[in-house]
Amino acid sequence: MKFYLEQIEQVFSHVKSSEAGLTSAEAEKRLAENGKNKLAEGKKKTMFQRVLEQLSDPMIIILIVAAVISAITEWVEAGAITVPTDTIIIMVVVVINTVLGVVQESKAEAAIEALQEMSAATSKVIRDGKLVSVRSEDLVIGDIIVLEAGDAVPADCRIFECASMKIEEAALTGESVPVGKLIEVLTGDKNGDVPLGDRKNMAYMGSTVVYGRGKAVVVGTGMDTEMGKIADAIAQAEEGQTPLQIKLSQLSKILTYLVLGICVILLAFQVITAYFGAGLSFHVFLESFMVAVSLAVAAIPEGLAAVVTIVLSIGVTNMSKKNAIIRKLTAVETLGCAQIICSDKTGTLTQNKMTVVDHYGDNEALIAKAMALCCDAEIDEAGEVTGEPTEAALVGFAYKLGMPKNDLVANAPRIGEAPFDSGRKMMSTVHQTAEGIVQYTKGAPDVILNLCKYALINDEVVPFTEEVKAAIVADNKRMADQALRVLAVAMRKYDSAPADFAPEALENDLVFIGLTGMIDPARPEVKAAIEECRSAGITPIMITGDHKDTAVAIAMQLGIIENASSAITGAQLDEISDEDFAERVTEFRVYARVQPEHKTRIVNAWRARGMITAMTGDGVNDAPSIKSADIGVGMGITGTDVTKNVADMVLADDNFATIVSAVSEGRRIYDNIRKAIQFLLGSNLSEVLSIFTATILGFTILKPVHLLFINLVTDSIPALALGLERPERDIMQRKPRSSKEGVFAGGMGFDVFYQGALVTILTLAAFFIGEFLETGVLDFFHPVESGEGMTMAFLTMSMCEIFHSFNMRSQRGSVLGMAFGQKSHNWVLYGAMVASLVLTTAIIEIPVLANMFDFTHLDPLAYGVSIGLAFLVIPIVEIIKAIQRAASKKA
């Protein structure tokens, strides 16, 4: 039943109750049948499940298999169970990666818990004909609840008694002004329904009474409430992978197939060679397996997962310093490629604080004084105003003009009143002043004007002629056209206190004073932020539960739209099919009077077009769409707990402009991660090619433990340093990259290949030179096992990676230009070079470590040759970059 469309008698009949409420026995019976008035709890993942998720990554699986095979091979060769060094290193990598991943807790569970906390703890209920206080979770359908200012609404209710009651529903509907409630039955639109924000005879769970009082009958509890629908939508909303997750997942698959394919080919080659040569034995088979393990270790960038996670973590720290709190590491880069930002209006684009921004009348001070006295909002000594938002705006208006309400009240105490009534649309207060008795009446302009007999113009009371009225009406229209909420104020003086304070006795023969126009104003920094978003190729979308005129006015002021043709209401959206909306979604930039399901539909329509979509908001109504978006942005100050827990990023200062810096940081991080990936893959390719070539030629150039050291030290440390590169100057003038852009886009695949091949050539050259220095023989086709050759190859490859990391500061830019030009230095990279050189030298020269790695001592000549070969990677890559830049200019 749509209770808001039914007479209260039919509602009582449907829920089998009355104004006298339920008996305790009947309430207990219904509670047992229907369950408690609480939201369903989300499913929790166990720690074991979280660990399994981390270990299911293809790269991690290959590492574990490599570690097991390495251990078995070592045991067979040693004839006893030992723990090989390379196995320990591999498992340490696996453990670190798993721990970093498991720290991310489930957000759905926290979101449901936050929704539960928003429910009122206790409620005033009529049971057995008496007013009692019961736990809100024990409410049942048919209960009669009493609502007063300050009460949280504990369930969905149909109102049947109302005394000037206003309810704050911003968290549920997005409307900034509290809704005045009534008891009359509503009339549905042509679809036979009424939008959530317009159901004035209903009160919903999660909203708050801010003014007046009333009684209502409970018609929905627990998951059957509007908030319950939101909780269910949160649970059902699917969380997709971010672009970075997708790219790394693709990379993992590519590497998995590559490693398995190459290992099988190499193993088959060695087995066949052994079979037709000296003969195949179990020992030979294990040695072949060990070579395959070496290749697997060489092909997998063990540090990639850790490097990406740490770079993202550093980015998170930087963003937190700028008031953007990241709740999900991989979401950092997603905002960097966002193409659409769907933003809630209230509290996000605006201040969520009604403010007087315009007025009509000669005496502004008197207008402010009259408005402040004729309201119930209060102000403390610090200037903090409490009360219904519209009245709070009026008190704030007077305070800004140097008239704190406390001082006004002291000089003009209230001696009588005619309270606000939704039927009259006005209120009147009578005050004792030094000059005598004065009455102030404020309310809707059309009502106030009809009660005026005079007007105050140039501090003189003049007759309220049609000409005077026309001027007031014109200015009222001017402010209304700007989507301002307009109130009128008038006064009446008495020689002595009136004997009757009834509205009909007070509200006539009034003297018109003036008008005030108020609005929830836009945040001052938002317009510039939206302009910068546009320059970055990002389209801002406003989504709000507020009225269309107000939404259009704010949107035009901020530059989101140029005219009202780009705005649409939720009711109009309901008339558009999903298929048509998918085609027409680009026509609209402002959505007004929307309900929660509309927001999710809008986000999904943009995502269906392949657009990376961000959703910002603060109310409970934003939560499902925030979770459905590629990245959800919650508000830290005004945001509800449920929204913050569902969001991927929370703005600590509720500042839309913070998103701009987050976008810049996200783009910088993604750029740097691509540099790290290119660097690591090029390094690993050089290892694969070196192992493959050495195996074909019949010698061992590097062992698995050597490759792991290179991957985790001389590769990972510089890769981390690359992740700290500062953003390029044009980073916020670029269009967002496509989410379909592959990992190797922009020529990165070619760069990885030639750079990997170059390091391979230099490494092989170092081995053969070492072999010659040790044996005095140089034979490329029949090389021998050489300790010095292996050590020189290791040193050359390690330092090649260090020097090559400087090349990676820019994919096409000159490293010399960056080092000696205007761009700042990356001192962390310099430190990484020194640290890697020290560690590499240590395992070669310190006897204990050298024995663990099977290295031999290098004399100064061998050491110098190795370093010299490694340094060649810089000038060679510089030459190729110059050729690429020249070719790009011609193209």
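The values are calculated or read from the model by the stated rules, or taken from the named source; none is laboratory data. All values derive from a computational prediction rather than experimental measurement. Neighbour counts are summed over all protein chains in view; Cβ atoms, including those assigned to glycine, are modelled from backbone coordinates with ideal geometry. The protein model used for the area step is the full one, side chains on, heavy atoms only, and it has no ligands, DNA or RNA in it. Shrake-Rupley method; radii C 1.70, N 1.55, O 1.52, S 1.80 Å.
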*Taking segment 692-703, which residues are open to solvent by 10 Å² or more (accessible area, probe 1.4 Å) and either assigned to a helix (DSSP H, G or I) or more than 19 Å from Phe853 (Cβ to Cβ) (or both)?*
Phe692, Thr693, Thr695, Ile696, Leu697, Gly698
*How many residues, within segment 174-189, are of a type outside the set (A, V, I, L, M), touching a helix residue (DSSP H, G or I) at 6+ places or on another chain (Cβ under 9 Å) and open to solvent by 40 Å² or more (accessible area, probe 1.4 Å)?*
2
*Residue identified as among the small types (Gly, Ala, Ser) and over 27 Å from Cys263 (Cα atoms) among Ser683, Ser690, Ser661*: Ser661
*Take the residues of segment 427-448 that are under 52 Å from the mean Cα position of the chain (by Cα), among the hydrophobic types (A, V, I, L, M, F, W, C) and open to solvent by 10 Å² or more (accessible area, probe 1.4 Å): which is nearest to Leu487 (Cα to Cα)?*
Ala444
*List the number of the failed condition for Cys337; all other conditions in (1) over 27 Å from the mean Cα position of the chain (by Cα); (2) modelled with pLDDT of 80 or more hold.*
(1)
*What are the residues in segment 457-498 that are within 53 Å of the chain's Cα centre (by Cα), assigned to a loop (DSSP other than H, G, I, E, B) and not aliphatic (A, V, I, L, M), if any?*
Gln482
_So for segment 378-393 (the condition being closer than 15 Å to Tyr440 by Cα, hydrophobic (A, V, I, L, M, F, W, C) and out of contact with any strand residue (DSSP E or B) (no Cβ under 7 Å at 6 or more places or on another chain)), does at least one residue qualify?_
no
*Answer residue from segment 499-520, given it is hydrophobic (A, V, I, L, M, F, W, C) and in a strand (DSSP E or B) and is surrounded by the fewest Cβ atoms within 10 Å (Cβ to Cβ) among those*: Val511
_Please go through segment 825-848 and give me each residue that is farther than 16 Å from Leu702 by Cα, of a type in the set (A, V, I, L, M) and in a helix (DSSP H, G or I), ordered by number._
Val828, Leu829, Ala832, Met833, Val834, Ala835, Leu837, Val838, Leu839, Ala842, Val848
*Only one residue in Met223, Met165, Met202 is at pLDDT 80 or above, among the aliphatic types (A, V, I, L, M) and open to solvent by 40 Å² or more (accessible area, probe 1.4 Å). Which one?*
Met223
*Might you check whether a residue that is surrounded by fewer than 21 Cβ atoms within 10 Å (Cβ to Cβ) and of a type in the set (A, V, I, L, M, F, W, C) occurs anywhere in segment 731-739?*
yes
*If you go through segment 19-56 one residue at a time, how many are free of Cβ contacts under 8 Å to residues at least 12 places away in the same chain and either hydroxyl-bearing (Ser, Thr, Tyr) or part of a loop (DSSP other than H, G, I, E, B) (or both)?*
2
*asked:* Suppose we filter segment 704-730 for residues that are part of a loop (DSSP other than H, G, I, E, B) and either open to solvent by less than 30 Å² (accessible area, probe 1.4 Å) or touching a residue at least 40 places away in the same chain (Cβ under 8 Å) (or both); how many remain?
replied: 6
*Complete set of residues in segment 849-862 that are surrounded by 12 or more Cβ atoms within 10 Å (Cβ to Cβ), out of contact with any Leu (no Cβ under 7 Å at 6 or more places or on another chain) and in a helix (DSSP H, G or I)*: Leu849, Ala850, Met852, Phe853
*Of all residues in segment 868-891, count the ones that are in a helix (DSSP H, G or I) and either open to solvent by less than 40 Å² (accessible area, probe 1.4 Å) or small (Gly, Ala, Ser) (or both).*
13
